[in-house]
1. Taking the residues in segment 367-386 that are in contact (Cβ under 8 Å) with a residue 60 or more places away in the chain and in contact with a strand residue (DSSP E or B) (Cβ under 6 Å, 6 or more places away or on another chain) as candidates, determine which candidate is farthest from I417 (Cα to Cα).
2. Might you let me know whether segment 468-476 holds any residue that is of a type outside the set (S, T, N, Q), at pLDDT below 90 and within 33 Å of the chain's Cα centre (by Cα)?
3. Return the residues of segment 30-53 that are exposed (fewer than 12 other Cβ atoms within 10 Å of the Cβ) and in contact (Cβ under 8 Å) with a residue 60 or more places away in the chain; say none if nothing qualifies.
4. I'd like to check something: does segment 632-654 contain any residue that is at pLDDT 90 or above, more than 51 Å from the chain's Cα centre (by Cα), surrounded by 21 or more Cβ atoms within 10 Å (Cβ to Cβ) and of a type in the set (V, I, T)?
5. Name the residue that is farthest from V149 (Cα to Cα), counting only residues in segment 219-244 that are touching a His at 6+ places or on another chain (Cβ under 9 Å) and of a type in the set (A, V, I, L, M, F, W, C).
6. With respect to the numbered conditions (1) surrounded by fewer than 21 Cβ atoms within 10 Å (Cβ to Cβ); (2) touching a residue at least 40 places away in the same chain (Cβ under 8 Å); (3) over 30 Å from I255 (Cα atoms), which one is the sole condition not fulfilled by K102?
7. How many residues does segment 124-177 contain that are aliphatic (A, V, I, L, M), under 22 Å from G111 (Cα atoms) and in contact (Cβ under 8 Å) with a residue 24 or more places away in the chain?
8. So which residues in segment 625-647 are free of Cβ contacts under 8 Å to residues at least 24 places away in the same chain and of a type outside the set (G, A, S)?
Amino acid sequence: MKYVIFIFCLIAMLTQASAASIPDSYRKITVSGKQTPDNYSRSSVKLTFFIPDEIKDARLIDAGGQERGFTVLMRQGSQISAFFDGSTGEELSMELYREPEKRKTAEQISGLLHLVKIFKTDTVVNNIEDFRKLWDASGASIGGFAKKVYSGTNPYSQNMNSIHIYKGFINIQNDDNYTFYTASTDASFLLIDDKVIVAWPGKHWAGEGLYGAYSGTVKLTKGDHRFEYLHANSQWSCYAIAAFSRPNDKNMTTIPDKMFTPVLEATQGQLLDMQGHPLLDFSWENETMLELEKLQMYRIVCKPASVSGQAKWNWGDNTLIQNTPFHYYFMQGKYPAVLEADNGRSTQQIEVAYRFGQQLIIDDDAVKLVSEAIEQEKTIGIQREGYAFITNAIIQLKMKKQAVEFYSRILAKNNLIPPDVILNYFQGLILDDLLKSEKYEEAEKEFKRFLTLIKNPRCLALGKLEYARMLFYCMGQNADAEKQLNEIDRKYIPFESKQSFDILQADLALFNKGFEDASQLYGRLSSINKKMDRQQEIMGSGTIISIRNCMITKQYDEAMNYIEQLENSQPESRLNPELILIKAKVLKNLGMPRRAAVCYETVLKLNPAVATASSANLELAEYYCDSWQYRKAREYLNNILTEAPRSHEAVSASKILNDIARKEDKK
């Protein structure tokens, strides 16, 4: 009886072990491409295939039922890039398993493979030994097949601190002496048959190498030779070029792709069950990335297969189900995308990742992409982060047609959207143009409408702060500005805007309470002045000189940029009457006389020197004369005659007073 039980247990164990190795499904793999030359009966074959979410492993089986090894180069979610060795026209099967399997790997036998790793610390590579140590210490590699060593970027990852190996085989047609060259940012080494032919170690720019400064000559016989190019880059740029010449060549030439032994390409068939019946399936591609202001938008395109009925997509990012096979994501990450139809359900992990090798997109194409994303927001929704991207894009790409409608929709959803996004869009779409043209009364109406609709407390606090700033700095309505400021709960003001809140509070104190109270408030503010050394103080003085130079050359926009930089880094500089006087003159020359007038009023509150006060009084008098407010103008002109009766401004004040008198007599 014991033996019977033992046999049954043994059978059960064997059955379980056997079941674990039964494939769940499979794909047909076909090797395509041009017929390989006679001397390459087999070549390395590159393959991209997709595995459903529940699949854990795969095996490649040839027509004779034997396992063929394959090596994974890169995995992005359910998308796998790999290579194996094969021949043109060959058909194989990719068997898919729900449990992890031990499988064979392949060795590269042709082509040029480009592998990349990222290293963490800044490292100088002085020789090949340094390179090998750095490579071994840098974790897993990613990559693919390249046509040649001719690159101006890292196509797989960041440029900075990237280490590269190009390895493969070159075919030499005739016995001869060959000279090889390298041009690279930082260290590079070129090896033939494992011997160093060219070395350019250390940190450097690519410049000299472009003119053939680093080269080496070797005698090669006809046939295939092992090739390796090593490159360790620490710069923001990433250039790598391998070139060659023969004795009679006048110039060096980039090693062409035809010199590298051939690489074939395989295509995956549709997903089949073990009886050969088609299963619901799809492939996907991270097709396009649009980047604006360090924000990205990704267009993912899927190709469904074996669909019965209508395909429905759940993109795994909390948007609604849709019918179209493309989708916009705004955050990198892995998303469990689900395709459903009458004949079943299929899930894959879509990995949204930065597209490092992508070329720039022209504005017309960018507008089309953003328009599609706006339509997605309207129909099924977008990720919360998408609102920041789309609002920036609409303003930068000047999409006036879409701007107003999208603005109305985000106002209706303001509780779901980051408050700074709503406020930035309101400012960029509506407010900025009104403020530049000094249409402050219109801007005030828009502010009131905006604040009535906003429910998010952070957005409301930021909106009230900007409204108060406009009332004070642009319209001179101090009491109204203070009322708005007092209604704000400071805890809802984000960290980066708290200083603006505190500066406005101090500026209002200057007008309402006096110079001493304002000085105390400014003393509490964070300022770079409190941490400046002698060199930084000199640089700060240089900013004032730069502002004056911009005024002389009439570069008023640049002058205003310098002033704002200085006020942000040293808030107490706003108590400097000479600086505020310059700021007022810049604003006047930028076509903003109302804002300039508020600055001139500020100058007079700052206990200025007599000459500075006279200049501010004269500017204010001229401003009020231009707006036919003669009573107000007289106040400032009389200030000059009282405080600086012998000044040039006093002469001008007397003339203006006479002009006012003549105009009033005519009435």
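1. Among those residues, the one meeting the criterion is L369.
2. There is no residue in segment 468-476 that is of a type outside the set (S, T, N, Q), at pLDDT below 90 and within 33 Å of the chain's Cα centre (by Cα).
3. Once the filter is applied, which keeps residues that are exposed (fewer than 12 other Cβ atoms within 10 Å of the Cβ) and in contact (Cβ under 8 Å) with a residue 60 or more places away in the chain, segment 30-53 yields K34, P37.
4. Among the residues of segment 632-654, at least one is at pLDDT 90 or above, more than 51 Å from the chain's Cα centre (by Cα), surrounded by 21 or more Cβ atoms within 10 Å (Cβ to Cβ) and of a type in the set (V, I, T), which makes the answer yes.
5. Looking at residues that are touching a His at 6+ places or on another chain (Cβ under 9 Å) and of a type in the set (A, V, I, L, M, F, W, C), I get A232.
6. With respect to (1) surrounded by fewer than 21 Cβ atoms within 10 Å (Cβ to Cβ); (2) touching a residue at least 40 places away in the same chain (Cβ under 8 Å); (3) over 30 Å from I255 (Cα atoms), K102 is out only on (2).
7. Adding up the residues that qualify gives 7.
8. W628, Q629, R631, K632, E635, Y636, L637, N638, L641, T642, P645, R646 - these are the residues of segment 625-647 that are free of Cβ contacts under 8 Å to residues at least 24 places away in the same chain and of a type outside the set (G, A, S).
The values are calculated or read from the model by the stated rules, or taken from the named source; none is laboratory data. Every value quoted in this text rests on a predicted model; they were computed, and no experiment measured them. FYI the Cβ positions are ideal-geometry reconstructions off the backbone, even for glycines, and counts take in every protein chain you see.
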